[in-house]
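Just so it is clear, none of the values below were taken in a lab; they were calculated from the coordinates. Keep in mind that this is a model prediction, so the values were computed, not measured. For neighbour counting, all protein chains shown are included, and Cβ atoms are generated from backbone atoms with ideal geometry for every residue, glycine included.
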Amino acid sequence: MRTQSLLVLVGALLLGLSVGVGGAILFAPNTGGYDGARDLIIPTDASLDQAVDSLRAEDILVSGSTFRLVAKATGWGEQIKAGHYRVEPYTSNYHLLDMLRRGLQAPIRVTIPPGSRPPTVAKVMGKRLKLEADAFLEALRDTSLARELGTTPSRLFGYMLPETYDFYWQTDARTVVRRIKQSFDRFYDRQLALGADSLGLTKREVVTLASIVEWEALQDQEKPRIAGVYLNRLDRGWRLQADPTIQYVLIQTRGERTGRVLYRDLEIDHPYNTYRIDGLPPGPITNPSPSSLRAAVDPEQHEYFYFAADGSGGHNFSRTLREHNRAAAEYHRELDRREREADGSSR
């Protein structure tokens, strides 16, 4: 009788132990006590072994063997979905696998740099999302997509509003471009449309003017004043003669952007050469920042028609050509002096 009772007791203890161990394997923490959540990318069509490799690469799992055990016992290891996840510290095998099998992804934050070129933004997208950089460039060149978004392929990049966006890792390039353009349209309607209407500017003209201001101004506080100069010139029927448009022409024709515009560059026959064409160029030369866009619709009211770089990142503004020529000559003398000093120090 005692032996039988002892066997029952041992059996109960073993059952309780197995339940306890099983519960611990399922529900005890199996991710580390690291600070904050960690990013995890599960590749497309990843096997259980590949998923474990990804978890280990980010130093997330404490025990890969218990994770595999639960994954195989539940069958959830065959249901793991590709994507970007945020894994909290002290997460159990059960909750981690449940997140992965249900595809409960976390969006990725992507910040678009202002005043950039399409290859630069494409590279940013390619590093942060699953899409290839070339796919983003192809989406920008997609005629049907541009038409859907109310523009043309040659102008679409100008509407890639420099902000921070949340995208899921597997978001395709067309969806990315579409969402950014729609974000621009909302920003325009809320903050720019009224000012544009008061100036008699279309959306395309606002973006085009802002894109020139973006490349011209190194200091945000100067942007409304520079926009005012260009609008004063347009009101007088003068040519813009904006050096940033020459930089754009050089990119289009020679694949490069130079630091100093030469007189021979002003003679290039190109629709974006504002030394040769009247009015604004056909479209934006870059993706202007919100501050440049605001400057274009809320310019400083003044009587300046000229400006020249002052050598320190700002500009000297002039009302007359004589004043401007003096300021420009002074700037070029400063450039020449710096070049002579650089040549002397390199010898």
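Values for this structure:
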| quantity | calculated |
| --- | --- |
| In Å, descending, principal axis extents of the Cα set of segment 70-197 | 63, 29, 24 |
| Residues Ser92, Ser211, sorted so that the one with the fewest Cβ neighbours within 10 Å comes first | Ser92, Ser211 |
| Between segment 276-318 and segment 181-239, the Cα center-to-center distance that results, in Å | 8 Å |
| Span-like helix ranges in the chain, DSSP H, alpha carbon extent 18 angstrom or more, Kyte mean at least -0.5 | 2-27, 203-216 |
| The chain - Rg and Dmax from Cα coordinates, angstrom | 30.2, 118 |
| Amide proton proximity set for Gly83, modelled H, under 5 Å, gap of 5+ | Ile42 |
| Segment 118-302: projected area of the alpha-carbon convex hull, averaged over directions, in nm² | 10.8 nm² |
| Which listed pairs, of Lys72/Lys127; Lys203/Lys223; Lys130/Lys181; Lys127/Lys223; Lys123/Lys181; Lys72/Lys123, have C-alpha distances above 29 Å, in listed order | Lys72/Lys127; Lys127/Lys223; Lys72/Lys123 |
| Proportion of all alpha-carbon pairs of segment 141-229 beyond 21 Å (%) | 38 percent |
